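The values are calculated or read from the model by the stated rules, or taken from the named source; none is laboratory data. Treat the numbers as computed from the prediction; the structure is a model and nothing was measured. When we count neighbours, we look across all protein chains shown, and the Cβ atoms used for this are built from the backbone with ideal geometry, even at glycine.
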Amino acid sequence: MSSTDTTPRVWSLLGIRVVSTGEGLAIMEMTPTEEMTNAAGFCHGGIISTLADTAMGRSVRTLVPGVVRSVSFDLKLTFISAAKVGETLQATGRVIHAGRRTAVTDCRVEGPGGKLVATASGTFVVTREKE
């Protein structure tokens, strides 16, 4: 994010935090709480989707030249296994193609021990800093 950005409020609401970033890469994590469960008592898919979208969006914001704004306009998620309350989820978002106006990303959401919870892909419209 550029120096004028602030942390999105939804990150605080969901407890999303940055683990690390590099060019075209962002690793984010969160620990689901009871308030984030579905009817079966597992982490709701919408919460997992938000984490994946956040990791992919953050990976876009690490590109050079810098991205001053990015918005996802396409998101696909595949759920692999259930995520339990209290188990930290880690989402690794990567840029797999960066153009002038769009970026294509992918993501793995993993639970403890590297258990695959979901995979995702997304396309973002971007506004870059002037070179």
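Filter segment 95-117 down to the residues that are within 20 Å of THR21 (Cα to Cα), under 17 Å from the mean Cα position of the chain (by Cα) and not charged (D, E, K, R) and list them by number.
VAL95, ILE96, HIS97, ALA98, THR102, ALA103, VAL104, THR105, CYS107, VAL109, GLY111, GLY114
So which of THR92, THR62 is under 17 Å from the mean Cα position of the chain (by Cα) and not in a strand (DSSP E or B)? Give the steps one after another, and end with the answer.
Details: THR92 fails: not in a strand (DSSP E or B).
Matching residue, one of THR92, THR62: THR62.
Can you pull out the residues in segment 1-47 that are over 20 Å from PRO112 (Cβ atoms) and assigned to a loop (DSSP other than H, G, I, E, B)?
MET1, SER2, SER3, THR4, ASP5, THR6, THR7, PRO8, GLU23, GLY24, ALA39
Applying the selection to segment 49-72, what residues are in contact with a Leu (Cβ under 7 Å, 6 or more places away or on another chain) and either closer than 16 Å to THR88 by Cβ or without any contact (Cβ under 8 Å) to a residue 60 or more places away in the chain (or both)?
Within segment 49-72, THR50, LEU51, ALA52, SER59, THR62 qualify.
Which ones in segment 2-31 are more than 22 Å from ALA83 (Cα to Cα), surrounded by 14 or more Cβ atoms within 10 Å (Cβ to Cβ) and at pLDDT 90 or above?
THR21, GLY24, LEU25
Tell me, yes or no, whether segment 48-58 has at least one residue that is of a type in the set (D, E, K, R), surrounded by fewer than 18 Cβ atoms within 10 Å (Cβ to Cβ), modelled with pLDDT of 95 or more and not in a loop (DSSP other than H, G, I, E, B).
Scanning segment 48-58, I find no residue that is of a type in the set (D, E, K, R), surrounded by fewer than 18 Cβ atoms within 10 Å (Cβ to Cβ), modelled with pLDDT of 95 or more and not in a loop (DSSP other than H, G, I, E, B), so the answer is no.
Answer yes or no as to whether ALA82 is small (Gly, Ala, Ser) and outside any strand (DSSP E or B).
yes
Please give the number of the condition ALA98 fails out of (1) modelled with pLDDT of 95 or more; (2) surrounded by fewer than 17 Cβ atoms within 10 Å (Cβ to Cβ); (3) farther than 22 Å from MET36 by Cα.
(2)
Failed condition for THR119, given (1) touching an Asp or Glu at 6+ places or on another chain (Cβ under 8 Å); (2) farther than 18 Å from PRO8 by Cβ; (3) touching a residue at least 60 places away in the same chain (Cβ under 8 Å), with all others met?
All conditions are met except number (3).
Looking at segment 95-131 only, could you name the residues that are of a type in the set (A, V, I, L, M, F, W, C) and either touching a His at 6+ places or on another chain (Cβ under 6 Å) or in a helix (DSSP H, G or I) (or both)? Explain how you work it out, then say what you get.
First pass over segment 95-131, keeping only residues of a type in the set (A, V, I, L, M, F, W, C): 95-96, 98, 103-104, 107, 109, 116-118, 120, 124-126.
Result: VAL104, single match.
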